[in-house]
Amino acid sequence: MKYQPQHQRHLPPALTGLLGLAGVLLIGYLVYLLPPVNERLGWRVEYAGIYLKEIIDPVPPLPSPAAVSPNIMTPTFTIIPPTSTQPIQTLTPVPTSTPSPSPTPIPGHVRLDSPAYEKEDLNNCGPAALSMNLKFFGWQGDQFTISNIIKPIRGDRNVNVEELQYYVRNYAGYLNTEYRVGGTIERLKQIIATGIPVMIEEGYKIDQKYWPKDDMWAGHYLLINGYNDETGTFLTQDVFTGPDVEVKYTDLDKRWQSFNRVYILVYPAEKETELKQVLGEDWDPDANRQNALETSRSETEADPSNVYAWFNLGSNLVYFERYEEAAAAYDTARKIGFPQRMLRYQFGPFLAYFHSLRTEDLRALTENALGRTPNSEEALLWEGWALYRIGETFQALEYFQKALDARPGYADAEYALNFVRNN
């Protein structure tokens, strides 16, 4: 019997091509997961994804406020408490027990040692700036030591001041931290003159558009370790731009206003008495916030078109639980138009609209924020509370869980889940 060779079966060319492409993509993905490659290419992949999404499904502009804003130029000073069991709070400026000491004259030029510079990783300017701040005092670690605790998911695009404060108080040994708002150029100089650097959060213009109509505004942390009155400049450590960057006083204040001029102090215990003297009544958080409230109100009167003045006014009113007045201030900021990424970093409007029972406005803001930042744990949380308010309990639980997934250990999301499940 003659041997007949069997014909080899060949896959169709189209299927062969698809399998080959799948193999190449799989190899590429595995290579992308390698830390050195991911660190270099991660931001490019994120950029491409955001740009493509905005072309296919653009985020609509934030709608105008649904409710008519009350007049906030002559506010009341009595808060309606959230529940009948809470006492009514009367807001008056907080007096100091002793008169503030006269400010000690400071030098016209101070330059503190610049810590070892760190370039920020993707979405990591807060931990990177804090790392340099801690290194000034001899701390051993880097931005990843910090972000592993307070920002365990690399794609998380925001770290709050409170999260930085949490890290210092729980993981930075002998160092302590405080933050205040309503700062001034003179206040920054006074702090630096005591021998410690100071961190601020500010707005700045990014170097490229992430979507076709991007306004290119973003939040940023900056470490300041010197000043020079002769040149009118601060010496800064910018985790994005580079080390030892000089910034004009006027430019810094303009960018700083968008974050209520918040400043963060990290210091050893032996410096606390001196810092209390420098801050005077602003050492008391309530008095500090009252001063910031008056500053923001004055700035709205001086320039009614200043969106940041109105936004800051709202945030300072939220601190005192004056939610309806705060919502009115935020209404004005919305009408003027605040930056597209604003709700990635600041969440006072969520509280103001929720507590003033303006659920439609709350959802308008949370949905806009999630369009820009889908993994924002704060926006996910408040979208959940808005859904709960209108009776969508199961959807609310889904959003609370999404918030917890976006930020493992997020206490507000854990509270929300427990509250809704047990009520």
In segment 237-253, the residues that are in contact with a helix residue (DSSP H, G or I) (Cβ under 6 Å, 6 or more places away or on another chain) and either among the small types (Gly, Ala, Ser) or assigned to a strand (DSSP E or B) (or both):
Gln237
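So how many residues does segment 254-279 have that are charged (D, E, K, R) and either assigned to a strand (DSSP E or B) or buried (at least 17 other Cβ atoms within 10 Å of the Cβ) (or both)? First the steps, then the outcome.
We begin by selecting, within segment 254-279, every residue charged (D, E, K, R); these are 254-255, 261, 270-272, 274, 276.
Those still in the list that are either assigned to a strand (DSSP E or B) or buried (at least 17 other Cβ atoms within 10 Å of the Cβ) (or both) too: 255, 261, 271.
The total comes to 3.
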Please list, ordered by first then second residue, the pairs with beta carbon atoms under 7 Å, 6 or more apart or interchain, first in segment 323-340 and closer than 20 Å to Ser298 by Cβ, second small (Gly, Ala, Ser) and part of a helix (DSSP H, G or I).
Ala326/Gly314; Ala326/Gly348; Ala326/Ala352; Ala329/Gly314; Tyr330/Gly314; Tyr330/Ala352; Ala333/Gly314
For segment 182-201, which residues satisfy the criterion of being part of a helix (DSSP H, G or I) and touching an Asp or Glu at 6+ places or on another chain (Cβ under 9 Å)?
Ile185, Arg187, Lys189
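Kindly indicate the residue of segment 147-161 that is surrounded by 15 or more Cβ atoms within 10 Å (Cβ to Cβ) and more than 12 Å from the chain's Cα centre (by Cα) and also farthest from Ile264 (Cα to Cα) among those meeting that condition. Reasoning before the result, please.
The initial filter retains those residues of segment 147-161 that are surrounded by 15 or more Cβ atoms within 10 Å (Cβ to Cβ), namely 147, 149-151, 154, 156-161.
Next, from what is left, pick out any that are more than 12 Å from the chain's Cα centre (by Cα): 147, 149-151, 154.
Working: Ser147: 18, Ile149: 19, Ile150: 17, Lys151: 19, Arg154: 23 Å.
Top of the filtered list is Arg154.
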Output for segment 119-136, where each listed residue is more than 19 Å from Gly155 (Cα to Cα) and touching a strand residue (DSSP E or B) at 6+ places or on another chain (Cβ under 9 Å):
Met132, Asn133, Leu134, Phe136
Identify, by number, the condition in (1) closer than 29 Å to Leu293 by Cα; (2) of a type in the set (Asp, Glu); (3) out of contact with any Lys or Arg (no Cβ under 8 Å at 6 or more places or on another chain) that Glu163 doesn't meet.
(3)
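Within the group Tyr210, Tyr227, Tyr221, Tyr179, which residue is closer than 28 Å to Val59 by Cα, in contact (Cβ under 8 Å) with a residue 40 or more places away in the chain and not in a loop (DSSP other than H, G, I, E, B)? Quick ask: steps written out before the conclusion?
Details: Tyr210 fails: not in a loop (DSSP other than H, G, I, E, B); Tyr227 fails: closer than 28 Å to Val59 by Cα; Tyr179 fails: closer than 28 Å to Val59 by Cα.
Just a single option satisfies the conditions, and that option is Tyr221.
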Being assigned to a helix (DSSP H, G or I), over 18 Å from the mean Cα position of the chain (by Cα) and touching a residue at least 60 places away in the same chain (Cβ under 8 Å) narrows Ala364, Ala416, Ala396 down to just Ala364
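Listed residues Ile336, Ile390; which is under 17 Å from Ser258 (Cα atoms), out of contact with any strand residue (DSSP E or B) (no Cβ under 7 Å at 6 or more places or on another chain) and β-branched (Val, Ile, Thr)? Full working, then the answer.
Numbers: Ile390 fails: under 17 Å from Ser258 (Cα atoms).
So the residue among Ile336, Ile390 that is under 17 Å from Ser258 (Cα atoms), out of contact with any strand residue (DSSP E or B) (no Cβ under 7 Å at 6 or more places or on another chain) and β-branched (Val, Ile, Thr) is Ile336.
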Selection from segment 344-376 of residues more than 22 Å from Pro58 (Cα to Cα) and β-branched (Val, Ile, Thr) yields Thr359
Of (1) surrounded by fewer than 19 Cβ atoms within 10 Å (Cβ to Cβ); (2) farther than 25 Å from Glu163 by Cβ, Thr295 satisfies all except one. Which?
(1)
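Can you name every residue in segment 341-361 that is in contact with a Gly (Cβ under 9 Å, 6 or more places away or on another chain) and either in a helix (DSSP H, G or I) or without any contact (Cβ under 8 Å) to a residue 24 or more places away in the chain (or both)? Even if it seems obvious, please write down each step before you answer.
To start, the set of residues in segment 341-361 that are in contact with a Gly (Cβ under 9 Å, 6 or more places away or on another chain) comprises 341-342, 344-346, 348-349, 352.
Passing the criteria: Met342, Arg344, Tyr345, Gly348, Pro349, Ala352.
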Can you name every residue in segment 268-292 that is under 19 Å from Asn316 (Cβ atoms), among the aliphatic types (A, V, I, L, M) and touching a strand residue (DSSP E or B) at 6+ places or on another chain (Cβ under 9 Å)?
Leu279, Ala292
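Go through segment 121-159 and give me each residue that's aliphatic (A, V, I, L, M) and assigned to a loop (DSSP other than H, G, I, E, B).
Within segment 121-159, the first condition is being aliphatic (A, V, I, L, M), and the residues that meet it are 122, 128-130, 132, 134, 146, 149-150, 153, 159.
If the condition is that a residue be aliphatic (A, V, I, L, M) and assigned to a loop (DSSP other than H, G, I, E, B), then Leu122, Ile153, Val159 are the ones that fit.
Read-outs throughout are calculated quantities, based only on the coordinates presented, and are distinct from any laboratory measurement. Note that this is a predicted model, so its numbers are computed, not measured. Because the Cβ atoms are built from the backbone with ideal geometry, glycine has one as well, and the counts that use them run over all protein chains shown.
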